[in-house]
Amino acid sequence: MRLHSRPHFFCKVFASRFFCVNYFSYISTVIKTKQFMTMQSLLEEAKYHYFAGYSQSRVVDFVYENAKNDTQATKILRKIFG
């Protein structure tokens with residue numbers, strides 16, 4: 001008689017669900033605590049990156065990561081790339 005034929009399976013499922021819950025909890029914490037740059041400081045920093053030799057795609061990524069929203073990022077990119 002085998003009562004515990006699959007105890008390792010239960011442990012794997014429990015561990016994977018525990019990891020997923022912790023991972024998403026971490027992500028939501030990071031999103032909530034992310035500090036955004038002001039428009040002026042982001043513009044200056046993006047200009048510095050662009051004139052320092054960063055590619056346009058890297059500058060665009062930098063601006064979208066640090067802007068408060070897409071509208072702010074678009075305004076900054078229009079000022080830089082004209």
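The values are calculated or read from the model by the stated rules, or taken from the named source; none is laboratory data. It should be emphasised that the depicted structure is a prediction, and the values quoted were computed from it without experimental measurement. Cβ: placed from backbone, ideal geometry, glycine included. Neighbour counts: every protein chain shown.
A few notes on this one:
- Verdict on Val13 being assigned to a helix (DSSP H, G or I), at pLDDT below 90 and of a type outside the set (D, E, K, R): yes
- Residue within region 62-74 that is of a type in the set (Lys, Arg) and at pLDDT 60 or above present: yes
- Filter result for Ile80 (among the β-branched types (Val, Ile, Thr), surrounded by 15 or more Cβ atoms within 10 Å (Cβ to Cβ) and modelled with pLDDT under 95): yes
- Neighbours by Cβ (under 8 Å, 6+ apart or cross-chain): first from region 54-82, of a type in the set (S, T, N, Q); second part of a helix (DSSP H, G or I) and surrounded by fewer than 15 Cβ atoms within 10 Å (Cβ to Cβ): Gln56/Phe81
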